[in-house]
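Taking it in order: structure first as structure tokens, then the write-up.
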Amino acid sequence: MHTRVFEPRQLTVLTTSKCTAACRHCCMNSSPERADTLSWPQLESSLTQAFAELAHLEVIIFAGGEPLLLGQDLLAAIRLCKRHGVVTRIVTNAYWATSREHARFKLRELKEAGLDEVNISTDDYHLPWIPLDAVRHAYEEAIALEFSAVVLANCFGPETTLTPERVKRELGAQPNLHLHLNDAGGVIEHKAHNGKTLVVLANTPVQRLGRGERELATSELGAAHPDLDALGEEVGGCPWAIKAAAISARGHFVSCCGFEVEDNPILDYGDLARTPLAELLDKADNDLASNMIAIIGPIRIMNMLQELCPDEVSFPGNYRTYCEVCSDLVSSKQNRDALYRHMGRFAELVLDARQYLKEKYQDHGVLDYPPLKIRPTTPSDPA
Ligand code: SF4
Ligand code: SF4
């Protein structure tokens, strides 16, 4: 094993593209009609490789689609993680919590398998598919069973009826319910204390990604970020690229789960059925476009491309988040081609940044560096 600069500290296993719901905002395009699902041999092989390769792996998140559709395979995967001492989380819509008894039964199974954290999604887009009562059953029983963290994930927009405030009123009788974002949209860090369950309401603005890009009306999305350039400067490189990588429902190793990036020419590094994880990790770590996203960040890349070659790119604007910009950067062939044409100019900056990170943060094998704020200047056009 050797030290890579960009390596996952958390790994999301996108267990299946199938879901019991087809929420209009789903960034993963999941639905009952889709069917790609990781088999047990795929799960076992990819997790075993991850444990062998990733010395700093802290958490494995089972998401989808709906991970509970995997049944016994999900329990076996959680047991495997437990044996390797890795924290586990599920992200579920709680379709299975049709009664308090059902909720308790399912959650007990998960707890006995070794599951640590439960994340339950609920908002206007989930409500047509999953009643709030199911969410209430799962939420209350998860707290009663003392999972180390229980999160209610709520996406909201200007027309939302199931707002974070209403979720709090209807489900959040917990005195220790914490909000994930403050009024200014900044992330509030919470840590569990004294073995108590950490209960969080993850209040995040709805994004124009995946099915949301096709189905949400502009009026359902919040206003564009008031100062996207300042956001790009403040956050710098994408904190999730490669460091929060994922295994897709068809067994591909991908950069993140910001949206459905399986098969994306930049963010999908390849099929684990054909290439060992170690090679795909090296490929990701050495990939110039991915390094630019992780070091410079999609907003500043967009700005630089617009400055360098305005006629070669198209960014419609009205962006709220990093992932919305990134989606237009990596999903559009026109923008990808412009990035490929011009990215050589940034190779030296990327190499310098990687060297800086190695010297400053990897002396003791520590890969945990703060958000990257390395400032690129747009190289001038060679005469
Ligand atoms: S948002 Fe969640 S519950 Fe809704 S379709 Fe997507 S994966 Fe399923
Ligand atoms: S900005 Fe791009 S690389 Fe980062 S999480 Fe979003 S989609 Fe993934």
Consider Cys309 against the criteria (1) within 16 Å of ligand 2 (Cβ to nearest atom); (2) modelled with pLDDT of 95 or more: it satisfies all of them except one. Which criterion is unmet? (1)
Note on region 23-61: residues in contact (Cβ under 8 Å) with a residue 60 or more places away in the chain and among the acidic types (Asp, Glu) are Asp36, Glu53
Odd one out for Gly365, checked against (1) surrounded by 13 or more Cβ atoms within 10 Å (Cβ to Cβ); (2) at pLDDT below 95; (3) touching a Ser or Thr at 6+ places or on another chain (Cβ under 9 Å): (1)
Condition broken by Ala55, with the remaining ones in (1) modelled with pLDDT of 95 or more; (2) among the aliphatic types (A, V, I, L, M); (3) surrounded by fewer than 18 Cβ atoms within 10 Å (Cβ to Cβ) satisfied: (1)
Where a residue in region 242-260 is of a type in the set (Lys, Arg) and its partner, wherever it lies, is within 16 Å of ligand 1 (Cβ to nearest atom), with Cβ under 6 Å and at least six apart: Arg250/Asp36
One residue from Ala21, Ala50 being over 26 Å from Ile293 (Cβ atoms) and either crowded, with 18+ Cβ neighbours inside 10 Å or modelled with pLDDT under 95 (or both): Ala21
Scan Ala278, Ala249, Ala284, Ala245 and give me the residue that is at pLDDT 95 or above, of a type in the set (A, V, I, L, M), more than 16 Å from ligand 2 (Cβ to nearest atom) and not in a loop (DSSP other than H, G, I, E, B). Ala278
For residues that are surrounded by fewer than 24 Cβ atoms within 10 Å (Cβ to Cβ) and within 17 Å of Glu66 (Cα to Cα), scanning just region 239-255, find the one that is nearest to ligand 1 (Cβ to nearest atom). Arg250
Being under 25 Å from Ala338 (Cα atoms) and within 16 Å of ligand 1 (Cβ to nearest atom) is true for just one of Gly258, Gly297, Gly236. Which residue is that? Gly258
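Conditions tested, residue by residue: (1) within 23 Å of Cys26 (Cβ to Cβ); (2) at pLDDT 95 or above.
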| position | (1), (2) |
| --- | --- |
| Thr163 | yes, no |
| Leu171 | yes, no |
| Gly186 | no, no |
| Thr197 | no, no |
| Ala202 | yes, no |
| Arg208 | yes, yes |
| Thr218 | yes, no |
| His225 | yes, no |
On the basis of being in a helix (DSSP H, G or I), in contact (Cβ under 8 Å) with a residue 12 or more places away in the chain, in contact with a Lys or Arg (Cβ under 9 Å, 6 or more places away or on another chain) and more than 16 Å from ligand 1 (Cβ to nearest atom), does Ala289 make the cut? yes
Determine which single condition Ser46 fails, assuming it passes every other condition in (1) of a type in the set (Ser, Thr, Tyr); (2) within 13 Å of ligand 1 (Cβ to nearest atom); (3) closer than 17 Å to Thr88 by Cα. (2)
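Which residue is surrounded by the most Cβ atoms within 10 Å (Cβ to Cβ), if the candidates are limited to region 267-280 and must be under 18 Å from Ala249 (Cα atoms) and among the hydrophobic types (A, V, I, L, M, F, W, C)?
Looking at residues that are under 18 Å from Ala249 (Cα atoms) and among the hydrophobic types (A, V, I, L, M, F, W, C), I get Leu267.
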The condition from (1) at pLDDT 95 or above; (2) more than 16 Å from ligand 2 (Cβ to nearest atom) that His2 misses is numbered (1)
For region 306-355, how many residues are without any contact (Cβ under 8 Å) to a residue 40 or more places away in the chain and of a type in the set (D, E, K, R)? 9
Residues of region 79-116 satisfying the condition of being more than 16 Å from ligand 2 (Cβ to nearest atom) and among the aliphatic types (A, V, I, L, M): Leu80, Val86, Val87, Ile90, Ala94, Ala97, Ala103, Leu107, Leu110, Ala113, Leu115
In region 1-21, which residue that is in a loop (DSSP other than H, G, I, E, B) and within 16 Å of ligand 1 (Cβ to nearest atom) is nearest to Val86 (Cα to Cα)? Thr15
Pick out the one residue from Thr16, Thr12, Thr20 that is of a type in the set (Ser, Thr, Tyr), within 16 Å of ligand 2 (Cβ to nearest atom) and in contact (Cβ under 8 Å) with a residue 60 or more places away in the chain. Thr12
Ala77: passes all of (1) out of contact with any Cys (no Cβ under 8 Å at 6 or more places or on another chain); (2) more than 19 Å from Gly251 (Cβ to Cβ) but (2)
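The values are calculated or read from the model by the stated rules, or taken from the named source; none is laboratory data. Quick caveat, the model's predicted, so the values are computed rather than measured. Neighbour counts are summed over all protein chains in view; Cβ atoms, including those assigned to glycine, are modelled from backbone coordinates with ideal geometry.
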